[in-house]
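Scroll down for the structure; my scribbles are underneath it.
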Ligand SMILES: Cc1cc2nc3c(=O)[nH]c(=O)nc-3n(C[C@H](O)[C@H](O)[C@H](O)COP(=O)(O)O)c2cc1C
């Protein structure tokens, strides 16, 4: 992350604990960062029932008030969900949505504050829906927003709650300014017996136009 992005990320986060987090902000896996070119695409998508169980797409996304080019926007569908649905429409995957037992506030600043508390407490926010049986999957596409330059704590709940040993994980994120941040290195630490492979980072504001980049990424990773 360069200085400009650092300052911008500080603005996104309201100047919270970013400096501490950035000290470890060195992803050690290849990541595709993209600010997609505008191409109108449908974002309606669904899981593909004929996946044969090989690929699981698991994602967390929060609708509500969010960051939008330095301003705020009210999202009916979260940016990461838009990308998740694009992936599900383009290839054969089973989809699992990570639902927080205690939903995050609609309010952006309240969510930022709650996330800071969860990070400080090293919390594992509970997941409302039963965790999937991942035993039949070889590949897991793991999607989330970037929160405070890292993965939201609820993603830790997920990866610690299922057995991902021996599986290949491709992280995908949406972000405002910081790209993948340290999300892929978070998974390297959290999933030492998995292979953390090429990820995809999509700027949240441009999620609806990400289809060409999503398709190119899927091709590169063989899906
Ligand atoms: C609590 C919180 C923390 C965030 N921290 C960052 C950050 O560190 N870097 C960044 O680029 N964007 C950050 N964002 C912006 C989101 O990553 C971005 O808007 C993302 O596309 C939201 O995805 P979603 O709609 O699927 O939740 C943050 C947003 C929230 C709510």
(message) Here is a list: 90, 58. Which entry is in contact (Cβ under 8 Å) with a residue 60 or more places away in the chain, under 21 Å from residue 153 (Cα atoms) and touching a helix residue (DSSP H, G or I) at 6+ places or on another chain (Cβ under 7 Å)?
(response) 58
(request) For residues that are in a strand (DSSP E or B), on the phi < 0 side of the Ramachandran plot and either within 11 Å of the ligand (Cβ to nearest atom) or under 15 Å from the mean Cα position of the chain (by Cα) (or both), tally how many sit in the range 51-73. (result) 10
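The rows are residues; the columns are (1) more than 25 Å from residue 117 (Cβ to Cβ); (2) over 14 Å from the mean Cα position of the chain (by Cα).
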{"site": "161", "(1), (2)": "no, yes"}
{"site": "166", "(1), (2)": "yes, yes"}
{"site": "169", "(1), (2)": "yes, no"}
{"site": "176", "(1), (2)": "no, no"}
{"site": "180", "(1), (2)": "no, no"}
{"site": "186", "(1), (2)": "no, no"}
{"site": "189", "(1), (2)": "no, yes"}
{"site": "194", "(1), (2)": "yes, yes"}
{"site": "197", "(1), (2)": "yes, yes"}
(message) Given the condition more than 16 Å from the ligand (Cβ to nearest atom), surrounded by fewer than 20 Cβ atoms within 10 Å (Cβ to Cβ) and not in a helix (DSSP H, G or I), answer yes or no: does some residue in the range 211-222 qualify?
(response) yes
(request) Look through the range 172-192, keep the residues that are within 14 Å of the ligand (Cβ to nearest atom) and free of Cβ contacts under 8 Å to residues at least 40 places away in the same chain, and return whichever of them is surrounded by the most Cβ atoms within 10 Å (Cβ to Cβ). (result) 175
(message) Pairs please, first residue from the range 193-218 and under 19 Å from residue 58 (Cα atoms) and at pLDDT 95 or above, second anywhere and in a helix (DSSP H, G or I) and away from the ligand (no atom under 16 Å from the Cβ), Cβ atoms under 6 Å, 6+ apart in sequence or on different chains.
(response) 196/187; 196/188; 200/217; 215/90; 218/90
(request) Quickly run through the range 147-163 and pick out the residues that are assigned to a loop (DSSP other than H, G, I, E, B) and either surrounded by 24 or more Cβ atoms within 10 Å (Cβ to Cβ) or within 13 Å of the ligand (Cβ to nearest atom) (or both). (result) 148, 149, 151, 152
(message) Condition (residue is away from the ligand (no atom under 11 Å from the Cβ), buried (at least 21 other Cβ atoms within 10 Å of the Cβ) and over 20 Å from residue 71 (Cα atoms)) applied to the range 100-110: is it met by at least one residue?
(response) no
(request) Test residue 201 against the criterion of being crowded, with 18+ Cβ neighbours inside 10 Å, within 11 Å of the ligand (Cβ to nearest atom), within 14 Å of the chain's Cα centre (by Cα) and assigned to a helix (DSSP H, G or I), and give yes or no. (result) no
(request) Determine, yes or no, whether residue 140 is more than 29 Å from residue 71 (Cα to Cα), away from the ligand (no atom under 16 Å from the Cβ) and modelled with pLDDT of 95 or more. (result) yes
(message) Quick check on my filter: what residues within the range 128-146 are in contact with a helix residue (DSSP H, G or I) (Cβ under 6 Å, 6 or more places away or on another chain) and surrounded by fewer than 19 Cβ atoms within 10 Å (Cβ to Cβ)?
(response) 131
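The values are calculated or read from the model by the stated rules, or taken from the named source; none is laboratory data. Because the structure is a prediction, the values reported are computed rather than measured. Ideal geometry is used to build each Cβ from the backbone, glycine not excepted, and the neighbour counts take in all protein chains shown.
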